[in-house]
Amino acid sequence: MIDDMTPIQVYGSNNLPEHQDHIFDSMIGMGSNGRPTASVLTKRAPIPKAQKSKARNFLRNKSACGRAPRGNQACDEYPYITTLQGGKANFDLGNVSVRLVSRAESDMQGRLIKASYKYSPINTGDNFMVIPLGGRSGYFDKSWKWNDNF
């Protein structure tokens, strides 16, 4: 559920075009999983440090990302592993889309997610909306202040 204080992450084609394309495709059912994904996500509890390095291992063996060369590429998953809608269990159910993207853009997207979680703030159990649009990427916090410096 969303309300007038729901934070929004915006993925723009100006600086995160691969993620904007992947999220849009995922939401309309044209992602790797072949079914629509959610635009409203719920932040999950942080993954314990001891498990963090292994949390995304499932992507290496079971997805298109695992069979492709890496180098300057990274595996993007949507919905994110940091949400209740993402992660291995949802991937196994066919509810997570994956796509190879450039490592540089993936690093920038990671900074966007971390900044929006920290400064919006988005806490465990909070809902937030993800919108793929043209233009610049950033996020609206709970007071509807636009932030694109991440």
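Do the conditions hold for Ser102, that is, is it surrounded by fewer than 20 Cβ atoms within 10 Å (Cβ to Cβ) and small (Gly, Ala, Ser)?
In short, yes.
Could you please let me know if Phe91 is over 16 Å from the mean Cα position of the chain (by Cα) and touching a residue at least 24 places away in the same chain (Cβ under 8 Å)?
So Phe91 fails the test.
Quickly run through region 27-67 and pick out the residues that are assigned to a loop (DSSP other than H, G, I, E, B) and of a type in the set (Val, Ile, Thr).
Ile28, Thr37, Ile47 - these are the residues of region 27-67 that are assigned to a loop (DSSP other than H, G, I, E, B) and of a type in the set (Val, Ile, Thr).
In region 47-59, what residues are of a type outside the set (Lys, Arg) and either closer than 21 Å to Met5 by Cβ or surrounded by 11 or more Cβ atoms within 10 Å (Cβ to Cβ) (or both)?
Across region 47-59, the qualifying residues are Ile47, Ala55, Asn57, Phe58, Leu59.
Could you tell me which residue of region 128-150 is farthest from Tyr11 (Cα to Cα), considering only residues that are touching an Asp or Glu at 6+ places or on another chain (Cβ under 9 Å) and buried (at least 18 other Cβ atoms within 10 Å of the Cβ)?
The qualifying residue farthest from Tyr11 (Cα to Cα) is Tyr139.
Give the residue, chosen from Asp92, Asp3, that is within 25 Å of Tyr139 (Cα to Cα), at pLDDT below 95 and of a type in the set (D, E, K, R).
Only one candidate passes the filter, namely Asp3.
Considering only residues of region 101-142 that are of a type in the set (Asp, Glu) and not in a helix (DSSP H, G or I), which is farthest from the chain's Cα centre (by Cα)?
Asp141
Collect the residues in region 29-63 that are over 26 Å from Thr124 (Cβ atoms) and within 15 Å of the chain's Cα centre (by Cα), keeping them in residue-number order.
Correct list: Ser32 only.
Suppose we filter region 36-57 for residues that are touching a helix residue (DSSP H, G or I) at 6+ places or on another chain (Cβ under 9 Å), modelled with pLDDT of 90 or more and among the charged types (D, E, K, R); how many remain?
Residues meeting the conditions: 1.
Pairs only if they're at least six apart or on different chains, beta carbon under 8 angstrom, first in region 110-124 and over 11 Å from Gly138 (Cα atoms), second crowded, with 18+ Cβ neighbours inside 10 Å and β-branched (Val, Ile, Thr); list them, first residue then second.
Tyr117/Thr82
The values are calculated or read from the model by the stated rules, or taken from the named source; none is laboratory data. Predicted model, so just to flag it, every value in this text is computed and none were measured. For neighbour counting, all protein chains shown are included, and Cβ atoms are generated from backbone atoms with ideal geometry for every residue, glycine included.
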